[in-house]
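Down below is the structure, laid out as structure tokens.
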Amino acid sequence: MLDYPDDERNRRLSADARWPMVGAVIAAMVLTILLPDHLRLGPSWLVPTFEVVLLVVLLVSDPATITRRARALRPVSIALVGMLVLSTLWVTIELVDDLIQGGPETNSAEDVLAAGAVVWASNCIAFALLYWQLDSGGAAARAHAPRQYPDFAFVEHVNPDLAPEGWRPSFLDYLYLGYTNATAFSPTDVMPLAGWGKLAMMLQSFISLVILGLVIARAVNVFT
């Protein structure tokens, strides 16, 4: 077993596990492949290519250590996550247009529900990555230089007795935030404190409301 200095050992112990983020990006890639070609942003290879690059960046960067390389990769990672959010917006607009004007998948309730589920799940993953990447300066900053006032207030922040000392949110917490915001259309147990967080959650809730409302309404119409 390698023997690391105390500081390095503490950094490694406090590091975010990579597998949840990697799993989320892989899931986003699979969902992109499942989308009908006419709903995708740009050529069929464009968004998957961005997702592959994002996956590589997440694997290369290490939130356990704040290095020049990691700081250089952070803007790239933010830009790639922003691309995923933009792709979600585009797909939502295209799906809504199909639902209103009529599209290849709108004559079958199964196809409508399948397309809506893919777009909705992509929405959850994209915004979860966005929250994780931007909250309080990112994973490395949360691990080594936590802010007095975070961008999101988790239950563990409000009531420290419910969490071990030094607790900080992991990616799974942000995935939960993205999921609950997309299903409840509002904050549940995580409160946005920063302006960008409030706007992002508003946008995600709006996208989710539009997807679920129109897709379910169209599916019911087809069934009847």
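Details
- Residue within the range 135-158 that is surrounded by 15 or more Cβ atoms within 10 Å (Cβ to Cβ), in a helix (DSSP H, G or I) and polar (S, T, N, Q) present: yes
- Qualifying residue in the range 178-189 (condition: modelled with pLDDT of 90 or more, crowded, with 20+ Cβ neighbours inside 10 Å, outside any loop (DSSP other than H, G, I, E, B) and in contact with a Pro (Cβ under 8 Å, 6 or more places away or on another chain)): yes
- The residue pairs whose first member lies in the range 198-221 and is closer than 15 Å to residue 92 by Cβ and assigned to a helix (DSSP H, G or I), whose second member is aromatic (Phe, Trp, Tyr) and at pLDDT below 90, and whose beta carbons are closer than 6 Å, counting only pairs six or more residues apart or on different chains, are 205/185; 209/185.
- Filtered residues of the range 158-179 (kept if among the hydroxyl-bearing types (Ser, Thr, Tyr) and more than 24 Å from residue 90 (Cβ to Cβ)): 170, 176
- Residue in the range 80-89 that is among the hydrophobic types (A, V, I, L, M, F, W, C), at pLDDT below 80 and either under 27 Å from residue 134 (Cβ atoms) or touching a strand residue (DSSP E or B) at 6+ places or on another chain (Cβ under 8 Å) (or both) present: yes
- Some residue of the range 130-152 being under 13 Å from the mean Cα position of the chain (by Cα) and without any contact (Cβ under 8 Å) to a residue 60 or more places away in the chain: yes
- Whenever a residue of the range 13-24 is under 16 Å from residue 133 (Cβ atoms), its partners that are of a type outside the set (A, V, I, L, M, F, W, C) and at pLDDT 70 or above, lying with C-beta atoms within less than 8 angstrom and at least six residues away or across chains, give the pairs 16/170; 17/170; 20/170.
- Residue 32 among the hydroxyl-bearing types (Ser, Thr, Tyr), crowded, with 17+ Cβ neighbours inside 10 Å and at pLDDT 70 or above: yes
The values are calculated or read from the model by the stated rules, or taken from the named source; none is laboratory data. Nothing here was measured: the structure is a model prediction, and the numbers come from that model. Note that each Cβ is placed from the backbone with ideal geometry, even for glycine, and that neighbours are counted across all protein chains shown.
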